[in-house]
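The values are calculated or read from the model by the stated rules, or taken from the named source; none is laboratory data. Predicted, not measured: the structure shown is a model, and the values here were computed from it. Please note: Cβ atoms are built from the backbone with ideal geometry, for glycine as well, and neighbour counts cover all protein chains shown. With ligands, DNA and RNA removed, areas are computed over all heavy atoms of the protein, side chains included. Shrake-Rupley method; radii C 1.70, N 1.55, O 1.52, S 1.80 Å.
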Amino acid sequence: MKRLATALATAVIGVSLVGAPQQSSAMDGELFGGADIGVTVPTNALDRAADEGGSFSPFVGYMFFPPEDRRINVGAIGQIGFFGLSRDLTTTTDGGRCPNGCRNKNTWALPFGAGPRVSLPIDEFELNGKVLIGGITGLNSGPISDTSWGWTTGGGIDYWVDDNWKVGAFGEFSRFYQRVRGIGDVRYVNAGIRVTATSGKPVPEAPPPPPPPPPPPAETVIPTPTKRITLRGVNFDFDKATIRGDARVILDEAIRILQDEGEVAIVAEGHTDATGPEAYNQTLSVRRANAVRDYLVEGGVPASRISVEGFGETKPVATNSTKDGRAQNRRVELRVAD
């Protein structure tokens, strides 16, 4: 019982240390826990004293990166196990017959350990491996009779059932440094299935809302003796000189104002963003200004009152390094002729 208490205390300390990082970064990484259920096959000296048996090994751990980062992940794991091996005493270890009175007797043991874990996501699967440093203690009289230190290494493959659950298979080899009947160390292989619960793949952040529509170009204010007249400019799609639906409302209002102010002459100034060759942008700016002029003329404004100028990309009102800024620069402004 003293050996069992020591083993359990060591395992609890190891698991506590593994869980410690969650205080600072659990929201970024992945907490997980589960159990390995498998078959234990003794090797080396242990297979002379026991046959295969079964094992149950719960574990907890922490991986430092979110699963959906889709990269090699590193973390830590703590595990404590319990296995039983059948034991055949009908023959001695050298093959002779067991003396009268011998009985079959099972072997029970408790391995424990903690160490690093790595994983590699591949679509909906995850390859993983671990190395545990710990110990083992025997739970009854038998070939595993002491508490000693050792190590376990192994790996497996898991499948994401959903954001919080994985199932898979594992295989591992363990070696602990205590003599089995004076012959050799405790060595065995475990293989079986694994069930893992996780803190979940983080929910992706919602995409940022689309940028607000670009503000209309600067308004032109025409002073008169009795009132102020405001003409608003319009914007264009990339590489287009076609009047958009939202521009028609603005230009219709400009037609009404210019008809009311029958003597006012205006200039339609065309502009572009900085995408493309400078000479092409100059031509495109003139096409845009002419498109506005033609719309105003079709609406009843005399052509003689409207002149056209193109400035290409030379007079931006916003930066050309962003999509929103370029949209603001693709415009035609209306101003009073000098």
- Using the 2.2 N^0.38 Å rule of thumb for compact globular proteins, work out how the range 112-176 stacks up: its C-alpha Rg over that value, please. 1.42
- Query: For residue 64 and residue 315, what does the FRET efficiency come to when R0 = 45 Å and r is the distance between their Cβ atoms, rounded to the nearest 0.05?
  - Reply: 0.30
- Query: Tell me which aspartates and glutamates have Cα within less than 15 Å of residue 130's Cα, excluding those fewer than 8 residues away on the same chain?
  - Reply: 36, 158, 172
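How far, in nm, would the chain grow between residue 179 and residue 274 when pulled straight, counting 0.36 nm per residue and subtracting the alpha carbon separation?
26.2 nm
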- Message: I want the local charge near residue 309. Using Cβ-Cβ distances under 12 Å, sum +1 for each Lys or Arg and -1 for each Asp or Glu among the other residues.
- Response: +1
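According to the square roots a ≥ b ≥ c of the eigenvalues of the Cα gyration tensor, what is the shape class of the range 282-338, taking rounded for a/c under 1.5, prolate for a/b larger than b/c otherwise, and oblate for the remainder?
Prolate shape, in that a/c is at least 1.5 and a/b is the bigger ratio.
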- Under Karplus coefficients 6.51, -1.76 and 1.60, residue-wise ³J(HN,Hα) of the range 302-310 in Hz, glycine/proline x: x, 4, 5, 8, 10, 10, 10, 9, x
- Item | Sequence of 71, 117 when ordered by accessible area, the most exposed leading, probe 1.4 angstrom | 71, 117
- Query: Once both labels are modelled 7 Å past Cα along the beta-carbon direction, what's the residue 256-residue 323 spacing in nm?
  - Reply: 3.4 nm
- Cβ under 13 Å from residue 179's Cβ, residue 179 left aside: what net charge do those residues give with Lys, Arg +1 and Asp, Glu -1? +2
- Task: Send over a whole-number figure in Å² for the accessible area per residue of the range 101-159, probe 1.4 Å.
- Result: 46 Å²
